[in-house]
């Protein structure tokens with residue numbers, strides 16, 4: 001499916017309203033450890049997003065909610081992005097710990113770009129803790145460039161790097 005992908009049978013699909021409980025469970029599983037050295041997008045709030053919040057995202061008119069699954073539809077990752085005007089923001093992306101470093105996050109981001117681009121979205125913005133090397137590598141590997149910094153953005157006092165991925169320039 002994606003160059004460099006190390007997962008046979010990966011399927012990425014749009015989330016449906018019935019997926020809100022699954023989304024909440026995936027979010028909680030992906031971000032349960034604030035200090036996970038392999039984390040892409042470490043969770044920096046008190047609680048993971050609940051089913052109600054996930055249902056609102058899934059129902060959002062300009063929101064892209066994707067689920068990655070392998071081996072008989074076993075969910076292993078998810079992504080939420082929201083568009084406004086000709087820009088979008090990656091709200092969250094997560095891959096379960098046992099499935100990281102296999103290209104699933106990259107596949108999710110590429111699929112999000114493929115969904116957003118035809119809608120006239122020109123740029124995707126991403127915020128990530130400056131010390132989250134795996135996430136930074138993922139985003140930069142797809143062509144995202146640093147465009148700003150938010151000092152003390154996260155609850156733990158960490159700074160956020162703000163990156164931009166130009167969608168119209170991507171093949």
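The values are calculated or read from the model by the stated rules, or taken from the named source; none is laboratory data. Source: prediction; values computed, not measured. As a convention, Cβ positions derive from the backbone with ideal geometry for all residues, glycine included, and neighbour counts pool all protein chains shown.
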Are any of the residues in the stretch 66-77 surrounded by fewer than 24 Cβ atoms within 10 Å (Cβ to Cβ), assigned to a strand (DSSP E or B) and under 12 Å from the mean Cα position of the chain (by Cα)? yes
Is at least one residue of the stretch 7-23 within 26 Å of residue 153 (Cα to Cα), at pLDDT below 90 and buried (at least 17 other Cβ atoms within 10 Å of the Cβ)? yes
Name the residues in the stretch 118-135 that are free of Cβ contacts under 8 Å to residues at least 60 places away in the same chain and more than 21 Å from residue 82 (Cβ to Cβ), would you? 130, 131, 133
Matching residues in the stretch 131-145 - criterion: being modelled with pLDDT under 95 and surrounded by fewer than 18 Cβ atoms within 10 Å (Cβ to Cβ): 131, 133, 137, 140, 141, 142, 143
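Restricting to the stretch 140-171, name every residue that is assigned to a helix (DSSP H, G or I) and either in contact (Cβ under 8 Å) with a residue 40 or more places away in the chain or out of contact with any helix residue (DSSP H, G or I) (no Cβ under 8 Å at 6 or more places or on another chain) (or both).
The initial filter retains those residues of the stretch 140-171 that are assigned to a helix (DSSP H, G or I), namely 140-141.
Matches in the stretch 140-171: 140 only.
Just checking, which of 83, 112 is in contact with a helix residue (DSSP H, G or I) (Cβ under 8 Å, 6 or more places away or on another chain), outside any loop (DSSP other than H, G, I, E, B), farther than 16 Å from residue 27 by Cα and touching a residue at least 24 places away in the same chain (Cβ under 8 Å)? Quick ask: steps written out before the conclusion?
Details: 112 fails: in contact with a helix residue (DSSP H, G or I) (Cβ under 8 Å, 6 or more places away or on another chain).
Selected residue: 83, the only one of 83, 112 that is in contact with a helix residue (DSSP H, G or I) (Cβ under 8 Å, 6 or more places away or on another chain), outside any loop (DSSP other than H, G, I, E, B), farther than 16 Å from residue 27 by Cα and touching a residue at least 24 places away in the same chain (Cβ under 8 Å).
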